[in-house]
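Q: Here you go, one structure.
Quick note: the coordinates plus some simple rules give every number you see, no bench work behind them. No experiment lies behind these values; they were computed from the predicted model shown. Every residue, glycine among them, receives a Cβ derived from its backbone with ideal geometry; neighbour counts consider all protein chains shown.
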Number of protein chains: 2
Amino acid sequence: MDYKMKIKKIAFLLLMTLITYGTVSAQTKNPLVRIAKLQIDPAQLDAYRAALKEHAETAVRVEPGVLTLYAVAEKDNPANITVFEIYADSAAYQAHLQTVHFKKYKSTTKDMVKSLQLVETDPIVLAAKQKL
Amino acid sequence: MDYKMKIKKIAFLLLMTLITYGTVSAQTKNPLVRIAKLQIDPAQLDAYRAALKEHAETAVRVEPGVLTLYAVAEKDNPANITVFEIYADSAAYQAHLQTVHFKKYKSTTKDMVKSLQLVETDPIVLAAKQKL
């Protein structure tokens with residue numbers, strides 16, 4: 001009887017583990033992956049970079065569905081900025097648009113951004129080691 | 001005496017941990033971050049995607065200095081592919097070019113790639129949760 005209870009307990013824990021694992025996998029099964037291409041006013045580049053950095057770090061830290069925000073400047077033209085964005089799914093992206101930090105970023109930078117192009121993508125492979 | 005030995009052992013382990021941590025941090029202090037933009041022959045797109053996927057997964061798995069290879073296709077033009085690449089440093093990238101899997105990828109895909117543009121970048125922020 002005692003053994004049977006133990007087996008039942010182990011089976012229950014295994015089942016819960018599988019369910020939990022399935023849920024976590026589902027969150028990243030259909031990630032929304034996008035590339036944002038921006039041209040920034042060169043005179044305001046330092047301020048823009050600071051606002052972008054603060055926004056990206058906050059979003060990845062506090063929002064469960066914001067998985068990756070990698071922002072880089074072209075070496076040959078630092079006013080050309082690319083952001084590689086991964087959200088858990090489109091609901092996570094919609095939630096992101098409603099956050100206080102996103103709205104603050106948009107209002108702070110609205111006169112710094114000369115152009116913004118959003119390129120929707122389908123991921124082919126997302127291979128990465130642990131967090132940098 | 002026994003206690004002194006234990007304290008020495010703990011101090012030694014702490015020191016090694018700090019040294020290791022310092023080294024790991026140094027590896028990603030000056031990451032080489034690059035964007036590759038490719039146009040693929042539409043007739044060979046499936047074969048190209050398979051070769052790219054295999055190459056990226058292998059490189060990130062076996063090479064300590066290949067940190068991220070994210071490849072995506074534009075939804076509006078799937079033959080336009082962007083790869084967001086992060087290497088620990090330029091030495092890691094040079095080592096990558098010499099690997100068997102990279103050479104295999106290059107030879108397999110040489111007639112599939114219509115154009116390749118490499119954009120060198122300076123990272124502004126690389127914010128990410130744990131591995132997807």
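Q: Describe numerically, in nm with one decimal, the distance between label points set 7 Å from Cα along Cα→Cβ at B:LYS75 and at A:LYS9.
A: If labels sit at B:LYS75 and A:LYS9, their model points lie 5.0 nm apart.
Q: Given label points at 7 Å from Cα along Cα→Cβ, what nm distances, shortest first, separate A:LYS9 from the same residue in every other copy?
A: 3.3
Q: Further, regarding this structure: Going by amide H atoms built from the backbone, whose H comes under 5 Å of the H on B:VAL125, apart from near neighbours?
A: Result for B:VAL125 returns A:ALA71.
Q: Still on this structure, I have one more. Put a dot 7 Å past each Cα toward the Cβ at A:SER90 and B:ASP111; how far apart are the dots in nm?
A: Distance between label points: 4.0 nm.
Q: Kindly put A:VAL60, A:VAL72 in sequence by how many other C-beta atoms sit within 10 Å of each C-beta, fewest to most. Could you put the intermediate results ahead of the total?
A: Working: A:VAL60 20, A:VAL72 24.
The most exposed by this proxy come first: A:VAL60, A:VAL72.
Q: Count neighbours as other Cβ atoms within 10 Å of each site's Cβ, and list the trypsin sites (Lys or Arg not before Pro) in region A:64-116 that are DSSP loop with at most 10 such neighbours.
A: Details: sites: A:LYS75, A:LYS103, A:LYS104, A:LYS106, A:LYS110, A:LYS114; in loops: A:LYS75, A:LYS110.
Passing sites in region A:64-116 are A:LYS110.
Q: A:ASP76 label points, 7 Å along Cα→Cβ, one per copy: pairwise distances from this copy to the rest in nm, shortest first?
A: 2.3
Q: Just grab the label-to-label distance for A:GLU54 and A:THR99, each label 7 Å out from Cα along the Cβ direction, in nm (one decimal).
A: With each label placed 7 Å out from Cα toward Cβ, I get 1.5 nm.
Q: Moving on. Nearest the rotation axis from B to A, which residue of chain B has its beta carbon, and at what whole-angstrom distance?
A: B:PHE84, 2
Q: To continue, here is another question. Go through B:LYS53/B:LYS114; A:LYS75/B:LYS75; A:LYS75/A:LYS103 and tell me which ones have a Cα-Cα distance over 21 Å in this structure.
A: Numbers: B:LYS53/B:LYS114 18 Å; A:LYS75/B:LYS75 27 Å; A:LYS75/A:LYS103 29 Å.
In this structure, A:LYS75/B:LYS75; A:LYS75/A:LYS103 lie more than 21 Å apart at Cα.
Q: A further question follows. To one decimal in nm, how far is A:VAL100 from the same spot in the other copies, if labels go 7 Å from Cα toward Cβ? Please give the shortest first.
A: 5.6
Q: Would you list, by chain and number, the aspartates and glutamates whose Cα falls below 19 Å from the Cα of B:LYS104, excluding same-chain residues fewer than 8 positions away?
A: B:ASP41, B:ASP46, B:GLU54, B:GLU57, B:GLU63, B:GLU85
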